[in-house]
Amino acid sequence: MVNSKSLRQPIICFRPIRPSDLEILEQIHSDLFPIRYEAEFFENVVNGREIVSWAAVDRSRPNDENDELIGFVTARIVLAKESEIGDILSYDPLKSDQTLVYILTLGVVEAYRNLGIASSLIREVIKYASGIQTCRAVYLHVISYNNPAIRLYKKMSFKSVRRLQGFYLINGQHYDSYLFVYYVNGGRSPCSPLELITVMLSYMRNGFKSMSARLWRNDGRKLSKWSKCKETHCLISTNQSRRNITAAECTGCECV
Ligand SMILES: CC(C)(COP(=O)(O)OP(=O)(O)OC[C@H]1O[C@@H](n2cnc3c(N)ncnc32)[C@H](O)[C@@H]1OP(=O)(O)O)[C@@H](O)C(=O)NCCC(=O)NCCS
């Protein structure tokens, strides 16, 4: 791994993540994150299966290391109507093809922090999302105590739109997450009175739906399923429907 003392003037370049990055990608994820990701996640990243990615490498390192990952971002495209933030976009139900880019993971190895690498990686994602005509926003979750990441997103003009209680389940302990959004291509949160009424009606409709669904479900069975869903989300974070369950069950969501 990288030794900070051996750093000369770095020459940072960005490229897609490739199959040859598999081992180091897994290693960095396990070093940086408190949750474990499934092997399938890494396979999908390196093979570009439904996941887009950017790697940061330092070309100033010796030959055998100058293509080695020192930072990365992974993301996937999701349909706005199936996402948990469909309600906060000024979303046109007639345009069912509207999409979002969801950032799955972002990391920079310690020796290369505070050089603007994560900011550049996020800019790559924003540029990519802006180039997709149907895309309305880039969004992500961040655990509530991750202050460096929260500062970074705020600095990059992401808006914190919700706090999701108990969103993460790590080693049996629940942690809240913030949901950050960056609007692109004219996507924005609804602000006209009519749009706000539409959003409230949609909330109420979803509320009724989930209440009637609960009446049909066995409570005990639901509880164990619920914990499992959250744990699974932490492990891979790629299944949109699982996340919908999580968001729907959270109380205390904040819209800003
Ligand atoms: C969060 C993280 C990706 C930032 O990477 P980075 O390359 O250092 O970020 P940048 O250099 O682009 O920093 C941009 C801003 O982030 C903030 N920041 C970054 N590291 C920070 C730290 N250690 N303490 C406080 N703020 C920090 C600062 O606001 C900084 O702005 P500045 O340039 O005005 O100081 C990196 O710390 C990391 O990999 N952390 C572990 C994994 C992680 O938490 N990923 C995010 C999960 S949502």
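In this entry, residue 83 passes the filter for residues that are surrounded by 16 or more Cβ atoms within 10 Å (Cβ to Cβ), of a type in the set (Ser, Thr, Tyr) and farther than 18 Å from residue 33 by Cβ. Taken over region 93-109, the criterion of being within 13 Å of the ligand (Cβ to nearest atom) and either in a loop (DSSP other than H, G, I, E, B) or free of Cβ contacts under 8 Å to residues at least 12 places away in the same chain (or both) is satisfied by 109 alone. You will find that of 49, 36, the residue that is part of a loop (DSSP other than H, G, I, E, B), surrounded by fewer than 16 Cβ atoms within 10 Å (Cβ to Cβ) and modelled with pLDDT of 95 or more is 49 and no other.
For region 90-102, the criterion of a residue being surrounded by fewer than 23 Cβ atoms within 10 Å (Cβ to Cβ) and within 20 Å of residue 154 (Cα to Cα) is satisfied by no position.
The condition of being within 22 Å of residue 37 (Cβ to Cβ), in a helix (DSSP H, G or I), at pLDDT 95 or above and more than 16 Å from the ligand (Cβ to nearest atom) holds for only one of 153, 128, that being 128. Residue pairs whose Cβ atoms lie under 8 Å apart, sitting 6 or more positions apart in sequence or on different chains, and linking a residue in region 23-44 that is among the basic types (Lys, Arg) to a partner that is part of a helix (DSSP H, G or I) and modelled with pLDDT under 95, are 36/235.
State yes or no: is residue 138 under 17 Å from residue 75 (Cα atoms), hydrophobic (A, V, I, L, M, F, W, C), more than 8 Å from the ligand (Cβ to nearest atom) and buried (at least 22 other Cβ atoms within 10 Å of the Cβ)? Considered against the rule, which asks whether it is under 17 Å from residue 75 (Cα atoms), hydrophobic (A, V, I, L, M, F, W, C), more than 8 Å from the ligand (Cβ to nearest atom) and buried (at least 22 other Cβ atoms within 10 Å of the Cβ), residue 138 comes out as yes. Residue 112 falls short of the stated requirement of being touching a residue at least 40 places away in the same chain (Cβ under 8 Å) and surrounded by 21 or more Cβ atoms within 10 Å (Cβ to Cβ). Screening the candidates 85, 28, 35 for the property of being within 15 Å of the chain's Cα centre (by Cα), within 13 Å of the ligand (Cβ to nearest atom) and not charged (D, E, K, R) yields one hit, 35. With the condition kept exactly as written, say whether any residue in region 133-140 is touching a helix residue (DSSP H, G or I) at 6+ places or on another chain (Cβ under 7 Å) and of a type in the set (Ser, Thr, Tyr). Looking through region 133-140, none of the residues is touching a helix residue (DSSP H, G or I) at 6+ places or on another chain (Cβ under 7 Å) and of a type in the set (Ser, Thr, Tyr).
The values are calculated or read from the model by the stated rules, or taken from the named source; none is laboratory data. All values derive from a computational prediction rather than experimental measurement. Neighbour counts are summed over all protein chains in view; Cβ atoms, including those assigned to glycine, are modelled from backbone coordinates with ideal geometry.
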